[in-house]
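Below is one structure, written out as structure tokens, with a few remarks after it.
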Amino acid sequence: MISLVDLTAQYHSIKNEIDAAVSSTLESGHFILGPQVAKFEESVASYLGVKHAIGLASGTDALVIALRALNIGEGDEVIIPAYTFFATAGTVMSVGAKPVIVDVDPQSYQIDVSKIEAAITSKTKAIIPVHLYGHSSEMNPILEIARKHDLKIIEDNAQGFGAEYLGKKTGSFGDIGCLSFFPTKNLGAYGDGGAVVTNDPALAERMRMLRTHGWKKKYYSEEVGYNSRLDALQAAILQTKLPYLDAWNEKRRELSKRYNEHLSPLGIVTPVERNWAKHVYHLYIIRVEKRDELQAFLRQKGVASEVYYPIPPHLAEPCRKFGYKEGNFPHAEKAAKETLALPLYPELTLEQQDEVIAAVKEFVSK
Ligand SMILES: *Cc1c(COP(=O)(O)O)cnc(C)c1O
């Protein structure tokens, strides 16, 4: 069986270092914040070229805390792409605001910048571009629209850690960038984790307060916050893994290129990499009309695959109250029916990849 991702393969490749980091954290007696988290936050900030990084309990919390820090809530609107993980929409709703959805470019799966301005109203407060699958959104036009209409930018960079837009790291463009360290993300913890990054010291301070009950001083809450801290153990693990991120992303790029070379000639739609982007292939996504049949066939052949995502946010139950319906965002809806992720992770061997390719070939020639 070839799995979509193999987290133990990565663990085994750096087992000694990980075990040492875990054991030294256990010996340190520091489990909540403390030196491990502070060190990792510095490393993340320096990797992305931003001033502040704040470790949180998850990528979902990162979006919530970013929205809260920008005072977005009841009565506000936030523009998001029509094709993304539900958390992008769900977090906007959880702070009381309305997600206003804009369709995606059917090739890059990024928010279609030509459709953003038509979605702006007097209630719009922010845009959340999502660097979906590890490909960057088109940041310059988005930043320009934000400047023109006085909107904030929160980058959902959960899938794009290490990706670039015109040579600069995604997550470093907006007022706030959000990261997830969910185990399968390009930089994954062994549990949940996330972070927000910003260049604004006031926002950084506010987000630090929000992650611990709104405290400026211990036990003195200045506002209602959360308990949303990155575990020291996860920080130690992530600190150990971060130096490998570029090499792992490079591996993802090489394997994706190899998939492209074998699958494009079969008439399969393979991922694009726009000339402004450095894609880090969090997911390797192909597109086929007979997607469900291909997935069933691959399963039979012992090859895992997955649909990200079978339902676009506007058609999800919690968004019904906004009156969205089938047909509103045709590119996202079509993508939900035709896209399929094939096995991809840095430790995938060429032999395994060949098996995946052979299985797809066999399906196409049936
Ligand atoms: C994973 C992900 C999130 C949420 O991150 P968690 O750490 O799982 O909470 C948000 N947005 C996108 C696009 C994601 O892929």
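The values are calculated or read from the model by the stated rules, or taken from the named source; none is laboratory data. This is a predicted model, so every value here is computed, not measured. Positions of Cβ are generated from backbone atoms using ideal geometry, with glycine treated the same way; all protein chains shown enter the neighbour counts. Heads up: the accessible areas ignore ligands, DNA and RNA and are worked out on the full protein's heavy atoms, side chains in. Shrake-Rupley method; radii C 1.70, N 1.55, O 1.52, S 1.80 Å.
Data overview
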{"item": "Matching entry among ALA195, ALA158 (being among the hydrophobic types (A, V, I, L, M, F, W, C), within 16 Å of the ligand (Cβ to nearest atom) and part of a loop (DSSP other than H, G, I, E, B))", "result": "ALA158"}
{"item": "Residue match in region 173-183 (condition: open to solvent by less than 10 Å² (accessible area, probe 1.4 Å), within 16 Å of the ligand (Cβ to nearest atom) and in a loop (DSSP other than H, G, I, E, B))", "result": "yes"}
{"item": "Positions within region 338-366 being under 25 Å from the mean Cα position of the chain (by Cα), exposed (fewer than 13 other Cβ atoms within 10 Å of the Cβ) and in contact (Cβ under 8 Å) with a residue 24 or more places away in the chain, in sequence order", "result": "none"}
{"item": "Residues of region 72-91 that turn out to be assigned to a loop (DSSP other than H, G, I, E, B) and within 14 Å of the ligand (Cβ to nearest atom), as a count", "result": "5"}
{"item": "Out of PRO318, PRO265, sole residue that is free of Cβ contacts under 8 Å to residues at least 40 places away in the same chain and not assigned by TED's automatic domain parsing to the domain that holds PRO81", "result": "PRO265"}
{"item": "Matching option when the condition is free of Cβ contacts under 8 Å to residues at least 60 places away in the same chain and open to solvent by less than 50 Å² (accessible area, probe 1.4 Å), among THR84, THR91", "result": "THR91"}
{"item": "Single condition ASP156 does not satisfy, out of (1) acidic (Asp, Glu); (2) surrounded by fewer than 18 Cβ atoms within 10 Å (Cβ to Cβ); (3) under 30 Å from TYR11 (Cα atoms)", "result": "(2)"}
{"item": "Subset of region 308-320 (residues that are of a type in the set (A, V, I, L, M), open to solvent by 20 Å² or more (accessible area, probe 1.4 Å) and either assigned to a loop (DSSP other than H, G, I, E, B) or under 16 Å from LEU340 (Cβ atoms) (or both))", "result": "ILE311"}
{"item": "Contacts under 7 angstrom Cβ, first residue in region 155-172 being among the aromatic types (Phe, Trp, Tyr), partner modelled with pLDDT of 95 or more and in a strand (DSSP E or B), 6 or more apart", "result": "PHE161/LEU179; TYR165/ALA277"}
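Rundown of residues vs (1) within 16 Å of the ligand (Cβ to nearest atom); (2) in contact with a helix residue (DSSP H, G or I) (Cβ under 8 Å, 6 or more places away or on another chain); (3) in a helix (DSSP H, G or I); (4) at pLDDT below 95, yes/no style:
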position	(1), (2), (3), (4)
ALA21	no, yes, yes, no
GLU27	no, no, yes, no
HIS30	no, yes, no, yes
SER43	no, yes, yes, no
SER46	no, no, yes, no
VAL50	no, no, no, no
ALA53	yes, yes, no, no
LEU63	yes, yes, yes, no
LEU67	yes, yes, yes, no
